Amino acid sequence: MEPVVHFRGAVSLLGRFPALAGVDLDVAPGEIVLLQGPNGAGKTTLLRVCAGLVAVVAGSARVLGVDLVADRRPVRPRVGLLGHDSGLYDDLTVADNVRFWARAGKTAAGDAHAAMVRLGLDGRLADVPVARLSAGQRRRASLAVMVARRPELWLLDEPHAALDQEGRDLIDGLMRDAVAAGATVLFASHEQDRATAIAHRVVAVTGGTVDAKLPAVEAATPGVTASGTPRPPAPAPDAASEHRRQGGEVAGVA
Amino acid sequence: MLHDALLVVGKDLRLEWRSRVTTNQVMPFAVLVLVLFAFALDPDRRILQEATPGLFWMAVLFSALLAIQRAFVLESHDGVRDALRLSGLDPAGIFLGKAAGIAVHLLAVELVLGVGVTLFYGAHVGGPLLLIVTCLAATAGLAAAGSLYGVLAAGLRLRETLLPLLLLPVVAPVLIAATQAFQAGFRQASGEGWRWFGLLAIFALIYTSIGIFAFDPLMEES
């Protein structure tokens, strides 16, 4: 099966600085892959390259079968990126935002509502302008947009940031549900314990390259391989129980 | 493309409905400009009346700068630009939607300014049809050119000061042609006015066409 992400010697520049300096990485369909590394290592850039937002100037890079070197635009509607920014209009309500971005993604009208229900935004918060939300609530609204759009590849940059315990559990459940529904997840997190617990595989990013050795993580996390090569994803045994725990439909993950 | 344009213009109008920036800020600013012109030229009412078309379009132009800046600040705030690029919306549709949204705001401002020049300057409308189509064509040109330069400036650090520098020289033909057409409309000399209207229509057509094709690379590169 063709990897969802397939990079060989991928180089990306931010200005004149090589933010990615020859990345080799494969991510198999259905995997949850954690990117770990210090600040400035290139994790965010790697996620943005996968989203087709940053150009690959050397090497080869394919995401969801799209050659990012030739034309990175076709991959964009097929991925969901949760970055440091919310990607929401401050003056619009949560419901306005989720509906607009869902319609922009040509998803069914019901998906937006289902996503808001899944993220706990269907009540009072639905009609609150985004500008008045707390950081955690904004994060949930951004996640609702992502869930409503049903991306094939989830790209999450510090997804647990600004969320409370319930929100963190929720996002872990969303990742598992997404994979159970056939999507693939690539995420960066500094939440070592929580992130390694959910990831099928950990990839270390250092100085703009993927470090294939990664002894510390491999030793610390049984069952996690360190290499950039693909491995069949572990099943998501708790997806169904998470589903039942949420007491409703699995909203909007494809 | 049209579906995406309608989606974007609908969102922009909803944003205005929620924030009331055009209603509460741009329109009062436009009226204030008219009033200040009146103060400056008040000693000679005849000059004020003769200068009405130019003053009207100067006020529109200043208001357009605010409206365009606002329209594109929204799209570059808090990661919205990336979200737009990932959305799957057709860039040409985004351009048309943004331009249409700006045009609706400007037409509302022009309506208020029209009432203003009638009340404050004693302007007499001789050829209403010419004045209306001039407003439509000039607004389309301003909105199209504004959207192009708006997206270009929005990605830059000095966008607040750069947009007027980029845009004002480009839209000088709109100012000239709209002023001339309005002068003809006020004097009921419509024949001459229609030629200026033709220039405005061509300007709008050219910038709309450029925008449809150039908006994507501008959004990518800026």
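Table for the structure above
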| read-out | value |
| --- | --- |
| Number of positions in the stretch A:91-108 that are within 7 Å of chain B (Cβ to nearest Cβ), in a loop (DSSP other than H, G, I, E, B) and open to solvent by 10 Å² or more (accessible area, probe 1.4 Å) | 3 |
| Selection count, the stretch A:7-21, where residues are out of contact with any Ser or Thr (no Cβ under 6 Å at 6 or more places or on another chain) and either open to solvent by 10 Å² or more (accessible area, probe 1.4 Å) or of a type in the set (Lys, Arg) (or both) | 8 |
| Selection status of residue A:88, in contact with a strand residue (DSSP E or B) (Cβ under 6 Å, 6 or more places away or on another chain), within 10 Å of chain B (Cβ to nearest Cβ), more than 22 Å from residue A:1 (Cβ to Cβ) and not basic (Lys, Arg) | no |
| Any hit, the stretch B:54-71, residues being in a helix (DSSP H, G or I) and within 14 Å of chain A (Cβ to nearest Cβ) | yes |
| Selection count, the stretch B:73-99, where residues are in a loop (DSSP other than H, G, I, E, B), within 20 Å of residue B:3 (Cα to Cα) and facing another protein chain (nearest Cβ under 8 Å) | 3 |
| Near pairs, Cβ below 6 angstrom, 6+ apart or cross-chain, from the stretch B:167-188 (on the phi < 0 side of the Ramachandran plot) to any residue that is at pLDDT below 95 and among the β-branched types (Val, Ile, Thr) | B:178/B:134; B:181/B:134 |
| Some residue of the stretch A:199-209 being crowded, with 16+ Cβ neighbours inside 10 Å, part of a loop (DSSP other than H, G, I, E, B) and at pLDDT 85 or above | yes |
| Residues of the stretch B:149-172 that turn out to be open to solvent by 10 Å² or more (accessible area, probe 1.4 Å) and within 20 Å of residue B:205 (Cα to Cα), as a count | 7 |
| Check on residue B:133, open to solvent by 10 Å² or more (accessible area, probe 1.4 Å), in a helix (DSSP H, G or I), hydrophobic (A, V, I, L, M, F, W, C) and modelled with pLDDT of 85 or more | yes |
| Odd one out for residue A:81 among (1) in a loop (DSSP other than H, G, I, E, B); (2) within 11 Å of another protein chain (Cβ to nearest Cβ) | (1) |
| Candidates A:156, A:133 - the one that is crowded, with 17+ Cβ neighbours inside 10 Å and closer than 21 Å to residue A:99 by Cβ | A:133 |
| Which numbered condition residue A:111 fails, given (1) buried (at least 21 other Cβ atoms within 10 Å of the Cβ); (2) in contact (Cβ under 8 Å) with a residue 60 or more places away in the chain; (3) part of a loop (DSSP other than H, G, I, E, B) | (3) |
| Of all residues making up the stretch A:47-63, the number that are surrounded by 21 or more Cβ atoms within 10 Å (Cβ to Cβ) and hydrophobic (A, V, I, L, M, F, W, C) | 8 |
| Extreme residue, least open to solvent (accessible area, probe 1.4 Å), among residues of the stretch A:64-73 that are more than 17 Å from the chain's Cα centre (by Cα) and not β-branched (Val, Ile, Thr) | A:68 |
| Strands (runs of 3 or more DSSP E) (entirely within the stretch A:1-77) containing at least 3 residues that are away from chain B (no Cβ under 14 Å) and farther than 18 Å from residue A:206 by Cα | A:58-63 |
| Which numbered condition residue A:132 fails, given (1) modelled with pLDDT of 90 or more; (2) more than 16 Å from residue A:31 (Cα to Cα); (3) away from every other protein chain (no Cβ under 14 Å) | (3) |
| Any hit, the stretch B:79-102, residues being closer than 17 Å to residue B:204 by Cα, open to solvent by 10 Å² or more (accessible area, probe 1.4 Å) and without any contact (Cβ under 8 Å) to a residue 60 or more places away in the chain | no |
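The values are calculated or read from the model by the stated rules, or taken from the named source; none is laboratory data. Treat the numbers as computed from the prediction; the structure is a model and nothing was measured. Glycine gets a Cβ as well: all are built from the backbone with ideal geometry, and neighbour counts include every protein chain shown. Quick note on the areas: whole protein, heavy atoms, side chains included, nothing else; ligands and nucleic acids left out. Shrake-Rupley method; radii C 1.70, N 1.55, O 1.52, S 1.80 Å.
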